[in-house]
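The values are calculated or read from the model by the stated rules, or taken from the named source; none is laboratory data. It should be emphasised that the depicted structure is a prediction, and the values quoted were computed from it without experimental measurement. When we count neighbours, we look across all protein chains shown, and the Cβ atoms used for this are built from the backbone with ideal geometry, even at glycine. Accessible surface areas use protein heavy atoms only, side chains included; no ligands, DNA or RNA. Shrake-Rupley method; radii C 1.70, N 1.55, O 1.52, S 1.80 Å.
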Amino acid sequence: QVQLVESGGGLVQPGGSLRLACAASGSISRISTMAWNRQAPGKQRELVASITSGLNTYYPGAVKGRFTISRDNAKNTVYLQIDSLKPEDTAVYYCRMSVNGRDYWGQGTQVTVSS
């Protein structure tokens with residue numbers, strides 16, 4: 001079995017920064033795509049960043065330039081650096097990894113942007 005555990009969420013003021021981390025553990029042979037999604041209250045879950053095993057990254061327009069995804073394959077960990085945080089970034093952030101050909105999700109970490 002594979003488990004993903006996120007960390008790094010919290011309360012931050014507008015304009016601040018956060019770094020989220022998500023570590024995978026268990027029976028892992030290969031991790032291809034790693035990604036971060038978020039879900040705000042009353043809204044659908046949306047993709048905010050992804051990174052392939054070849055280090056190709058993708059960001060939707062709403063977060064491009066403020067979000068940076070990276071990965072450490074030795075640690076089976078994906079990171080999300082969020083800068084210039086806005087109140088509309090408030091959401092639960094979930095990591096997702098394709099491990100051994102199957103998708104796994106973390107339990108989510110709350111990010112709240114408020115003064």
Inset, instruction - State which residue pairs qualify: first residue on the phi > 0 side of the Ramachandran plot and inside segment 5-26, second residue outside any strand (DSSP E or B) and small (Gly, Ala, Ser) in any location, beta carbons under 7 Å apart, and separation of 6 or more residues or different chains. - result: Gly15/Ser84
Inset, instruction - Scan (1) surrounded by fewer than 16 Cβ atoms within 10 Å (Cβ to Cβ); (2) more than 15 Å from Ala23 (Cα to Cα); (3) at pLDDT 95 or above for the single condition Gly61 breaks and write down its number. - result: (3)
Inset, instruction - Would you check if Arg19 is open to solvent by 80 Å² or more (accessible area, probe 1.4 Å), modelled with pLDDT of 95 or more and not in a loop (DSSP other than H, G, I, E, B)? - result: yes
Legend entry - Every residue from segment 22-49 that is open to solvent by 40 Å² or more (accessible area, probe 1.4 Å) and charged (D, E, K, R): Arg30, Lys43, Arg45, Glu46
Inset, instruction - Just name the residue that is surrounded by the fewest Cβ atoms within 10 Å (Cβ to Cβ) out of those in segment 65-112 that are β-branched (Val, Ile, Thr) and under 14 Å from Gly16 (Cβ atoms). - result: Thr112
